[in-house]
Amino acid sequence: MSENTANILLTRDKVEERYKWKLEHIYSSIDDWQRDYDKVKEMLPEVAGFKGTLSKNSENMLACFKKADEIMMLSDRIFVYARMKRDEDNSNTEFQALTDKAFNLSTQVYAAVSFITPEITAMSEDAIRQFIKENSELAVYEHFLEEILRQKEHVLSDKEEQLLALSLEMAEASHDIFSMFNNADLKFPIIKDEEGNDVELTKGRYIKFLESHDRRVRKDAFDAMYSTFGKFKNTLGATLLSNVKKDKFYASVRKYDSCLHASLDSDNVSTDVYDKLIETVNRNLPLLHRYLRLRKKALKLDELHMYDIYVPIVEMPKKTIPYDVAVSMVIDGLRPLGEDYMNDLQQAFKDGWIDVYETQGKTSGAYSWGTYTSHPYVLLNYQDTINDVFTLAHELGHAMHTYYTNKTQPYVYSQYRIFVAEVASTLNEALLTNYLISNTSDPKEKAYILNHHLEEFRGTVFRQVMFAEFEKIIHEKAEKGESLAAQTLCDIYYELNKKYFGEEVHVDKEIAMEWARIPHFYSSFYVYKYATGFSAALSIAKQILNKEPGSLERYKQFLSSGGSDYPINLLKKAGVDLTTPKPAEDAMAVFEETLSKLEELISYT
């Protein structure tokens, strides 16, 4: 497969079926999809019919909740299928239209159920408690009701909430524009690989080029990537600014102190957690600079550039890792999670959960998604590298988190918070790292894996916190009414790179455009959760590997908990307290320990 796609991307029809996900497990045909679409349209007046009745008696409240769950579950299914079909090939106009149609339906559904929260907030807590007491079936919604009451001061009137729900489709415009530009329209030039062959640069191949030990290839890929984005600087600046303005609007109308406050409050997380994370990482930047000094020394470079950041310090024996080999590596690496977990994991490989290879028009990157009534799915753009093996383990962590949650929780708690979403994925990577290090006696290979682990730290903690700091700065500037022209975004981003990479790196001017290619900036204040999740995952993985009593059971309970409690509480039950800087500090201690091991090994490789 990898040999056939070395130069020109395959079209989807050329990929073997066993390497494609089976979305027919959601809908076997467009006709089936349409039937559910029509059913949801018919249900809209049914759920709206409960408006004004919730406070009358517990039976009305329960019936309304059940009907809302049913219509939202179906709406999710409709949207997920359409969007994932579009992700197979973003240039497919049929599924572009279906996705738009599904999103419009979702907007109508959210508008139809938007009365629920205002009606509940208008009730007294005592009245709600009495309803739960007299109707045992309402007990399952107790945390859901508590969450609404907690955010009572930020809930608007019924008519205002309906207007906000109707605005969601419009509010996604900046994200949708960026997504279509980035995945369907943007084309990169041809560059020459290590053998002098013409190869089309793609987003999926970019990091692979940056990992090349041929510095000319790295520089060419770096220059081609950012010169291409640079041609659209003002357009992309306006697109990102529109997203920031959207955040500012919703934070303002909901009476939050800031965009950051509005975002974190949905998880019941204090802004102190965000600020302390940035402070902790900033205090530990000398550790990153020490690693970069080692990198420069190991690569025997007089000057370390931004395109020298990803190349492994220690070169592994030249080999590709076919997907089927990667599957075996992941299975072996995750065995500490127990026999039950391993048996359940096998379904992912046997039952069409995973879409493996990069093809023309396919959405870049990797993700795990699905519906409450289907198994989870994983999108990959597999390139036969060790990084892709880790990506497979990472996304399967998400998938299994979803699988256990949906198997255990009612629909109302099936969506676990993004704050905890990266724990299962990162824990899988930590276990895989431990397995690979433990199963090699080759100092060169061990050094390579240690280097990879440090790169995970750099990418998941240092890099994501830099992103988080960028998001905080640009939102604060917008809140103060300051200019956020494209050049301003470039200047802010460039200065942050200089701070984080320090004097050890020549911060090339082209990196100032990197903000323009980060999709997560359209899901504001998301990226810091990678760093908190990474810290939590390292702690839990250490407990499991050390076979601490109850650690595996606590972790499986966490995987099965979904959104049934606040994220901070769920992690406390799993043995990690993120309200303190300790997990981040402990992670930094692991980084230093790993760095010291690599420094010792580097002279032998």
For this session: Go over the candidates I540, I449, I492, I473 one by one and state the one that is surrounded by fewer than 22 Cβ atoms within 10 Å (Cβ to Cβ), within 30 Å of V576 (Cα to Cα) and β-branched (V, I, T).
Result: I473
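Going by the conditions given, is M84 assigned to a helix (DSSP H, G or I), aliphatic (A, V, I, L, M) and over 28 Å from E200 (Cβ atoms)? Explain how you work it out, then say what you get.
Working: assigned to a helix (DSSP H, G or I): yes; aliphatic (A, V, I, L, M): yes; over 28 Å from E200 (Cβ atoms): no.
The answer is no for M84.
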Problem set entry | All positions within segment 91-107 that are touching a Ser or Thr at 6+ places or on another chain (Cβ under 9 Å) and either among the charged types (D, E, K, R) or at pLDDT 95 or above (or both) | A102, L105, S106
Problem set entry | Scan of segment 329-352 for residues that are among the aliphatic types (A, V, I, L, M) and either closer than 25 Å to G550 by Cβ or over 22 Å from the mean Cα position of the chain (by Cα) (or both), ordered by number | M329, I331, L334, L337, M342, L345
For this session: Keeping to segment 593-605, report how many residues are surrounded by 13 or more Cβ atoms within 10 Å (Cβ to Cβ) and in a helix (DSSP H, G or I).
Result: 7
Exercise. Somewhere in segment 464-479, is a residue assigned by TED's automatic domain parsing to the domain that holds K542, in contact with a Gly (Cβ under 7 Å, 6 or more places away or on another chain) and in a helix (DSSP H, G or I)?
Worked result: no
Exercise. What are the residues in segment 189-231 that are acidic (D, E), within 27 Å of the chain's Cα centre (by Cα) and part of a loop (DSSP other than H, G, I, E, B), if any?
Worked result: E211
Exercise. So K300 fits all but one of (1) in contact (Cβ under 8 Å) with a residue 40 or more places away in the chain; (2) more than 26 Å from the chain's Cα centre (by Cα); (3) part of a loop (DSSP other than H, G, I, E, B); what number is the exception?
Worked result: (1)
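Assess whether E358 counts as being within 24 Å of A184 (Cα to Cα), charged (D, E, K, R) and surrounded by 24 or more Cβ atoms within 10 Å (Cβ to Cβ). Break it down stepwise before answering.
Values: within 24 Å of A184 (Cα to Cα): yes; charged (D, E, K, R): yes; surrounded by 24 or more Cβ atoms within 10 Å (Cβ to Cβ): no.
Against the criterion (within 24 Å of A184 (Cα to Cα), charged (D, E, K, R) and surrounded by 24 or more Cβ atoms within 10 Å (Cβ to Cβ)), E358 does not qualify.
Is there a residue being aromatic (F, W, Y), in contact with an Asp or Glu (Cβ under 9 Å, 6 or more places away or on another chain) and touching a residue at least 12 places away in the same chain (Cβ under 8 Å) anywhere in segment 232-251? Lay out the reasoning, then the answer.
Kept after step one, since they are aromatic (F, W, Y), are these residues of segment 232-251: 232, 249-250.
Checking the rest, the ones that are also in contact with an Asp or Glu (Cβ under 9 Å, 6 or more places away or on another chain) come to none.
Looking for residues that are aromatic (F, W, Y), in contact with an Asp or Glu (Cβ under 9 Å, 6 or more places away or on another chain) and touching a residue at least 12 places away in the same chain (Cβ under 8 Å), one finds none in segment 232-251, hence no.
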For this session: Count, please, the residues in segment 252-283 that happen to be surrounded by 15 or more Cβ atoms within 10 Å (Cβ to Cβ) and of a type in the set (K, R).
Result: 2
Exercise. Does segment 294-302 contain at least one residue that is assigned by TED's automatic domain parsing to the domain that holds R417, under 30 Å from Y416 (Cβ atoms) and either at pLDDT below 95 or not β-branched (V, I, T) (or both)?
Worked result: no
Exercise. Which residues, taken from segment 232-257, are within 23 Å of the chain's Cα centre (by Cα) and either more than 26 Å from L201 (Cα to Cα) or hydrophobic (A, V, I, L, M, F, W, C) (or both)?
Worked result: L236, L240, L241, S242, N243, V244, K245, K246, D247, K248, Y250, A251
Problem set entry | Cross-chain or 6+ apart pairs with Cβ under 7 Å, segment 428-445 first and hydroxyl-bearing (S, T, Y), then at pLDDT 90 or above and surrounded by fewer than 18 Cβ atoms within 10 Å (Cβ to Cβ) | Y435/D332
Exercise. Identify, please: which residue in segment 213-231 is surrounded by fewer than 18 Cβ atoms within 10 Å (Cβ to Cβ) and touching a residue at least 40 places away in the same chain (Cβ under 8 Å) and is, among those, nearest to A512 (Cα to Cα)?
Worked result: G230
Exercise. Do you know which residues across segment 35-62 are over 27 Å from N104 (Cβ atoms) and buried (at least 17 other Cβ atoms within 10 Å of the Cβ)?
Worked result: S58, M61, L62
Problem set entry | Residue list for segment 97-146, filter: over 30 Å from Q34 (Cα atoms), polar (S, T, N, Q) and within 34 Å of the chain's Cα centre (by Cα) | T121
Problem set entry | Tabulated pairs, segment 94-106, first farther than 17 Å from M73 by Cα, second hydrophobic (A, V, I, L, M, F, W, C), C-beta under 6 angstrom, 6+ apart or interchain | L98/A82
Seminar exercise, completed: All-but-one check, Y310 against (1) more than 30 Å from E585 (Cβ to Cβ); (2) of a type in the set (S, T, Y); (3) in the same structural domain as N546 (by TED's automatic domain parsing), failing number (1)
For this session: Answer yes or no as to whether W21 is crowded, with 19+ Cβ neighbours inside 10 Å and either assigned to a loop (DSSP other than H, G, I, E, B) or out of contact with any Leu (no Cβ under 8 Å at 6 or more places or on another chain) (or both).
Result: yes
For this session: Inspect all residues belonging to segment 503-518 and state whether any of them is in contact with a helix residue (DSSP H, G or I) (Cβ under 8 Å, 6 or more places away or on another chain) and under 30 Å from L431 (Cβ atoms).
Result: yes
For this session: Scan segment 365-424 residue by residue and report those that are assigned to a strand (DSSP E or B) and among the polar types (S, T, N, Q).
Result: S368, N381
Exercise. How many of the residues in segment 172-188 are surrounded by fewer than 17 Cβ atoms within 10 Å (Cβ to Cβ) and assigned to a helix (DSSP H, G or I)?
Worked result: 6
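Please enumerate the residues belonging to segment 310-328 that are surrounded by 15 or more Cβ atoms within 10 Å (Cβ to Cβ) and either modelled with pLDDT under 95 or more than 23 Å from the chain's Cα centre (by Cα) (or both). Break it down into steps so the answer makes sense when it comes.
Start the filter on segment 310-328 by keeping residues that are surrounded by 15 or more Cβ atoms within 10 Å (Cβ to Cβ), which leaves 310-314, 316, 321, 323, 326-327.
Answer for segment 310-328, where residues must be surrounded by 15 or more Cβ atoms within 10 Å (Cβ to Cβ) and either modelled with pLDDT under 95 or more than 23 Å from the chain's Cα centre (by Cα) (or both): Y310, V311, P312, I313, V314, M316, I321.
Considering every residue within segment 307-317, establish whether at least one is in a helix (DSSP H, G or I) and under 30 Å from A512 (Cα atoms). Talk me through it step by step, then tell me what you get.
Filtering segment 307-317 down to residues in a helix (DSSP H, G or I) leaves 307-308.
Retained after the next criterion (residues that are under 30 Å from A512 (Cα atoms)): 307-308.
Within segment 307-317, one or more residues are in a helix (DSSP H, G or I) and under 30 Å from A512 (Cα atoms).
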For this session: Please verify whether segment 426-441 includes one or more residues that are buried (at least 22 other Cβ atoms within 10 Å of the Cβ), closer than 25 Å to Y526 by Cβ and in contact with a Ser or Thr (Cβ under 9 Å, 6 or more places away or on another chain).
Result: yes
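Tell me the helices (runs of 4 or more DSSP H) entirely within segment 487-577 that contain at least 3 residues that are more than 19 Å from the chain's Cα centre (by Cα) and in contact (Cβ under 8 Å) with a residue 40 or more places away in the chain.
It comes to 528-545, 551-559.
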Problem set entry | Failed item, numbered, when M84 is tested on (1) surrounded by fewer than 15 Cβ atoms within 10 Å (Cβ to Cβ); (2) touching a strand residue (DSSP E or B) at 6+ places or on another chain (Cβ under 9 Å); (3) aliphatic (A, V, I, L, M) | (1)
Exercise. What number goes with the only condition from (1) surrounded by fewer than 21 Cβ atoms within 10 Å (Cβ to Cβ); (2) touching a helix residue (DSSP H, G or I) at 6+ places or on another chain (Cβ under 9 Å) that R77 does not pass?
Worked result: (1)
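The values are calculated or read from the model by the stated rules, or taken from the named source; none is laboratory data. Every value quoted in this text rests on a predicted model; they were computed, and no experiment measured them. Every residue, glycine among them, receives a Cβ derived from its backbone with ideal geometry; neighbour counts consider all protein chains shown.
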